[in-house]
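**Student:** Submitted below is the structure of interest, expressed as structure tokens.
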Amino acid sequence: MSVISKKCYSLCLALVLLNTGLFAQKLIRYADPSVGTGGHGHTYPGATVPFGMVQLSPDNGDEGWDWCSGYNYSSETIAGFSHMHLSGTGCGDWCDISVMPNISPIPDTAAHFKVKFSHKNEQKWPGFYSVALDNGIKVTLTATEHCGLHQYFFPVGSKPVVRFNMGFMINYDSTTESSITQIDDSTIIGYRYSTGWAKVQRVYFAARTSIPFEKLHTYYDERFKNKKGVFTVMNAQMIFGDLAARPLLMKVGLSTVSTDKALQALKEIDGWEATDVIKNAAIKWEAELSKISVQTSDDKLKRVFYSGLYHTCMAPVLYSDADGEYRNANDDKLKMKNGQRYTVFSLWDTFRGLNPLFTLTQPERNVDILNSMLAFYDENGLLPVWDLSTYETNCMSGYHAVPVLADAILKNTPGLDGERAYTAMKKSAYQNVRGTKDYIKYGYLPQDKGSYSVTITLEYAYDDWCIAQVAKKLGYTKDYQTFMARSQAYKKLFDKSTGFIRGKNADGKWVVPFDPYLTSTEGKSMYEEGNAWQYTFFVPHDVRGLAKEYGSYDKFILKLDSLFTVSSKVKGESAPPDVSGLIGQYAHGNEPSHHIAYMYTFVGAAWKTQEKIRFIIDSMYHDAPDGYAGNEDCGQMSAWAVWSMMGLYPANPANGEYVFGSPMFDNVAIKLPDGKQFFIKATNNAKDHPYIQSVTLDGTPYTKTYIDHATLMKGGVLEFVMGPNPNKQWGAKPESWPSSVNN
């Protein structure tokens, strides 16, 4: 690359930094998109705006579990910059509309044309990504909700090319049909239909360049024909003349409806000033991050916290166009009556902490998210389990749209039709699939009637408790009694002789052999992504009822203690890698464990919760690419940190109670509607002061070990006095404990 073009790039980047005013921003500098891109975090580093349809990010061209987002920090190549990515999932898909610049034409059949790069030549912050490739091309990316903006500097003397590769895919994904059509000398339109984790996916795009291209070279793959029998365009290359060291900019608009709507999406970016788009993206991110302000002298804690808060705004993502119109997996062209349609509902993960967080941080957007679940119900007859591109992947167990909707109804969320939601919730509870009929018939799912029987029983039981609470609120007394009885299903699988919840067959006999350390991905497994150690504690609605199964609260506390101290060995030839972040058999790298450390507080040992929470935060979260102990899972791993670092957590995700843990910050300010704020202060706070000594609320002594949603939403000041030694008397009295079915 010539000295002139290098200087040009450096000058432009300096102007970007200056013009966006990022260095004057208070919080965006603490959010690092690199966090989670290494290890098993499965996040992506590229440019997006909060919950945007466009996630413009590099793909390594490598495949496998650790490339579910298309990118892993361990790779040294880039094969393209695609416009749709999944954040932190355990399955790989999307990476749609892949674009790759090059210094000369790329061979037509090169599915994964790779160019080397170095991480030292990457720069990234929320809404912005740049990289200098080893071939001399400098790439800058930014985005709006429906449009991505590329800026390329090509080395002088090269033959600039930009390839659109409709055949690019990762893991399960593959193209079924695609099209690319030239509109004029600077505009192309097209689409990519594909199948993968979601069997039906359709994405339409329009691209426009700031400098006309001389030729559009297209490649037709004879393996694919469209419905009219015409060969599908698999890729196309824009071939440019001498750019005279000028930057090439390109807008790419997306739509789920049509190429015409994708052309409209291009209008989200007015003109060709990249700095304006970068600045606007930064402003949007600063607004999100400023919803929770924290004070501490430890910048590492700030980076962990704000990188986490950033990741809580990556999913669900917009699926509808700006006018609310969308085309779903059934190929129905629809429009939301009010608001926007969202997709990417990783509900098995997010119902635990992320969705309750939205009731604080996303009060307006959350209504659209909730109504998107109900739109899915209207279109498919059931609430979503794992909605990807509005297609039901049926990934994971439970019917966990239920606790999300229940939490919102019980918190009196405006804009949500409670009766309509309740009808949908009951439909899930009486569905004819996923083992539900046998669960109802036997009072538990027998292992000889379906795999993952223990996991399904426990998760259905919790979801049924959620339905019961909504039934009670809406006045359906008989339904309340029915679902409360179903919520006690865990007791039928509790084995007093072993102290574990384990599988039974339809004849009522225990499944043998039994090993609490055994986990498997095979159909014979009783537990999904876990074992008896982790799942025995999944009774968030009735912690004291579970404790009584052990004979006393003290015995239950000993069982909890043993979870954190037994061997961390996980048995099973096909043990899933998701069971990670182990402390004993507590697995923080996977969601079923996320409430467990808070269970001590339900039985009078709050100091043990405080001790465990502080240790988990210190050991499982870091401001580095491998900063997460497991898959980030669409915001849940981060949501746990956001809640817990503030000193709270919804251990029962749908009862509106936030259980106290061990606050990490000196001060926290949460912005609430109507200009209100809720402050959390930690006096005498220090790394070696994890224990709560006393609590006040608005200056008055406060003896509860939790705070309810309604009280928090009024605003006020919650102050913790911290110390180096446990105050075992604080939180020891039953009247201070969080709610449980059995009191």
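**Student:** Would you confirm, using the coordinates I've provided, whether ASP463 is farther than 26 Å from MET526 by Cβ and either acidic (Asp, Glu) or outside the structural domain of PHE494 (by TED's automatic domain parsing) (or both)?
**Tutor:** For ASP463, the condition - farther than 26 Å from MET526 by Cβ and either acidic (Asp, Glu) or outside the structural domain of PHE494 (by TED's automatic domain parsing) (or both) - is not met.
**Student:** Any residue at all in the range 310-319 that's within 18 Å of the chain's Cα centre (by Cα), surrounded by fewer than 23 Cβ atoms within 10 Å (Cβ to Cβ) and part of a loop (DSSP other than H, G, I, E, B)?
**Tutor:** yes
**Student:** Among (1) within 12 Å of ASN60 (Cβ to Cβ); (2) within 24 Å of the chain's Cα centre (by Cα); (3) part of a strand (DSSP E or B), there is one condition CYS95 misses while meeting the rest; what is its number?
**Tutor:** The failed condition is (3).
**Student:** May I pose another question? For HIS146, are the conditions met, namely being within 21 Å of the chain's Cα centre (by Cα) and buried (at least 22 other Cβ atoms within 10 Å of the Cβ)?
**Tutor:** For HIS146, the condition - within 21 Å of the chain's Cα centre (by Cα) and buried (at least 22 other Cβ atoms within 10 Å of the Cβ) - is met.
**Student:** Right, ASP698: among the acidic types (Asp, Glu), modelled with pLDDT of 95 or more, more than 27 Å from GLN488 (Cβ to Cβ) and assigned by TED's automatic domain parsing to the domain that holds GLN469 or not?
**Tutor:** yes
**Student:** Same structure, new question: Return yes when GLN264 is touching a residue at least 12 places away in the same chain (Cβ under 8 Å) and either of a type outside the set (S, T, N, Q) or assigned to a helix (DSSP H, G or I) (or both) and no when it is not.
**Tutor:** yes
**Student:** Right, next: Anything in the range 360-390 that is among the charged types (D, E, K, R) and either on the phi > 0 side of the Ramachandran plot or buried (at least 19 other Cβ atoms within 10 Å of the Cβ) (or both)? List them, or say none.
**Tutor:** Those that are among the charged types (D, E, K, R) and either on the phi > 0 side of the Ramachandran plot or buried (at least 19 other Cβ atoms within 10 Å of the Cβ) (or both): ASP368, ASP387.
**Student:** Right, another one. Could you tell me which of the residues ARG420, ARG434 is at pLDDT below 95 and either assigned by TED's automatic domain parsing to the domain that holds GLU591 or assigned to a loop (DSSP other than H, G, I, E, B) (or both)?
**Tutor:** ARG434
**Student:** On to the next question. Given the condition of a type in the set (Asp, Glu), part of a loop (DSSP other than H, G, I, E, B) and buried (at least 22 other Cβ atoms within 10 Å of the Cβ), answer yes or no: does some residue in the range 567-578 qualify?
**Tutor:** Checked against the condition, which is being of a type in the set (Asp, Glu), part of a loop (DSSP other than H, G, I, E, B) and buried (at least 22 other Cβ atoms within 10 Å of the Cβ), the range 567-578 yields at least one hit.
**Student:** Look at TRP197 and say whether it is out of contact with any Asp or Glu (no Cβ under 9 Å at 6 or more places or on another chain) and among the hydrophobic types (A, V, I, L, M, F, W, C).
**Tutor:** no
**Student:** Suppose we filter the range 718-741 for residues that are of a type outside the set (Phe, Trp, Tyr), surrounded by 15 or more Cβ atoms within 10 Å (Cβ to Cβ) and not in a helix (DSSP H, G or I); how many remain?
**Tutor:** 13
**Student:** When you scan the range 640-648, do you find a residue that is touching a strand residue (DSSP E or B) at 6+ places or on another chain (Cβ under 8 Å), crowded, with 19+ Cβ neighbours inside 10 Å and part of a loop (DSSP other than H, G, I, E, B), even just one?
**Tutor:** yes
**Student:** For GLY61, indicate whether it is under 22 Å from VAL115 (Cβ atoms), in a loop (DSSP other than H, G, I, E, B) and in contact (Cβ under 8 Å) with a residue 12 or more places away in the chain.
**Tutor:** It is true that GLY61 is under 22 Å from VAL115 (Cβ atoms), in a loop (DSSP other than H, G, I, E, B) and in contact (Cβ under 8 Å) with a residue 12 or more places away in the chain.
**Student:** Quick one: would you say ALA641 is touching a residue at least 60 places away in the same chain (Cβ under 8 Å), over 28 Å from LYS704 (Cβ atoms) and outside the structural domain of GLY92 (by TED's automatic domain parsing)?
**Tutor:** no
The values are calculated or read from the model by the stated rules, or taken from the named source; none is laboratory data. All values derive from a computational prediction rather than experimental measurement. Cβ sites come from the backbone with ideal geometry, for glycine too, and all protein chains shown count toward neighbours.
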